[in-house]
Amino acid sequence: MRFYLVDRILELEPPKRIVAVKSLSLAEEYLADHFPAYPVLPGVMMLEALVQSAAWLVRASTDFQKTVILLREAQNVRYGAFVRPGGQLLMEVEAVGIGPAASRFRAAGQCEGQQAVQARLTLEHLNIADDDPGRADLDAGLRAFWRQRFKLIGGPQALAARAQP
Amino acid sequence: MRWIWIDKFVEFERGRRAVAVKNVSLAEEHLHDHFPGYPVHPPTLMIEGMAQTGGVLVGEALDFREKVILAKVTRARFHRRVVPGDQIRLEAAVVGEVRPEGASIDGRITRGADLVAEIQMMFAHLDQSRAPLELGDENFVFTEDFIRLLRMRQLNHLAPPPPRRDVPQEGRP
């Protein structure tokens, strides 16, 4: 499978909040295993969707400076309703604080009006060149990749919508 | 990709603790998206590996009668990045005992001597009132993949050897 868990950014207010959506399709391969008789979005994929939403908020808030954004800590991840194929996970992520190397968030996802997941997250941000200055080219490539992907999922439109009075 | 985030069990003590390993390989598709040019095994999939290790441990304790689902990740902390070529070891221990309503797991992930992650999680036994009605009594959680994983050869050395049968030798009176 692919590992992109944000299909569209709906609202974006850097450095405060993001609203994004993950649509669940029965064409996604892992659903064949989870579970054969009852396909549902795995709980950790809900968490990953929240992590990736928060990562977009970090990129939009820091001009894409750091290229690798990873989950460092998740706390109190609670699950409610299942997300089934044809359903959409609507994610709302609020920043508690975004620093240069780490950030903290409160995040929740709902599906068809029911709470599906909520969590507190800490992310870490880094550049590959932090560890290995000889690989700054990888950062440049990733930065360009993220900027292009941001356009694909409606980032600029979400920013523009916010700029309108 | 498939949805199975452990490769084999290497230790298993019924209702108490289980240890599984997972190899991280560039042959896995998700590593090419996470991230392009810089593959890192996603922390969330390590949580899932622990959920599968702990879920089988909890499910087996009641002979896979209950539908065991992940109800809460109390805390997951990651200390090191895991990259292709690494083998991680996932150790899950039941906190207290498996109860009628579910169980808690205390988990550690290591790579060699290094601590990769500490994960605490809770499982619930999905009771019939919350279970999807269309499923009836089928236990959709424990697919054959997991049960086969548990019964694979790797665990045999942990069990007492089968009694040796005396084989009649040919050519002897």
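Points to keep in mind about this one:
- Which listed residue, of B:76, B:117, B:93, B:27, is exposed (fewer than 14 other Cβ atoms within 10 Å of the Cβ), modelled with pLDDT of 95 or more and either out of contact with any Leu (no Cβ under 7 Å at 6 or more places or on another chain) or more than 14 Å from chain A (Cβ to nearest Cβ) (or both): B:27
- Residue satisfying all of: in region A:66-80; surrounded by 17 or more Cβ atoms within 10 Å (Cβ to Cβ) and without any contact (Cβ under 8 Å) to a residue 60 or more places away in the chain; farthest from the other protein chains (Cβ to nearest Cβ) among these: A:69
- One residue alone among A:145, A:105 is free of Cβ contacts under 8 Å to residues at least 60 places away in the same chain and open to solvent by less than 30 Å² (accessible area, probe 1.4 Å), and that residue is A:105.
- Any chance residue B:40 is of a type in the set (A, V, I, L, M, F, W, C), within 11 Å of another protein chain (Cβ to nearest Cβ) and within 23 Å of residue A:34 (Cβ to Cβ): yes
- Qualifying residue in region A:86-98 (condition: in contact with a Phe, Trp or Tyr (Cβ under 9 Å, 6 or more places away or on another chain) and within 12 Å of chain B (Cβ to nearest Cβ)): no
- Unique match (being part of a helix (DSSP H, G or I) and of a type in the set (D, E, K, R)) among B:11, B:48, B:91, B:28: B:48
- Of the helices (runs of 4 or more DSSP H) entirely within region A:108-165, those holding at least 2 residues that are within 19 Å of the chain's Cα centre (by Cα) occupy A:136-152, A:155-163.
- Of the numbered criteria (1) away from every other protein chain (no Cβ under 13 Å); (2) in contact (Cβ under 8 Å) with a residue 60 or more places away in the chain; (3) part of a loop (DSSP other than H, G, I, E, B), the one residue A:63 fails is (2).
The values are calculated or read from the model by the stated rules, or taken from the named source; none is laboratory data. Computed from a prediction, not measured in an experiment: that's the story for all the values here. When we count neighbours, we look across all protein chains shown, and the Cβ atoms used for this are built from the backbone with ideal geometry, even at glycine. Surface areas here come from the heavy atoms of the whole protein model, side chains and all, with no ligands, DNA or RNA. Shrake-Rupley method; radii C 1.70, N 1.55, O 1.52, S 1.80 Å.
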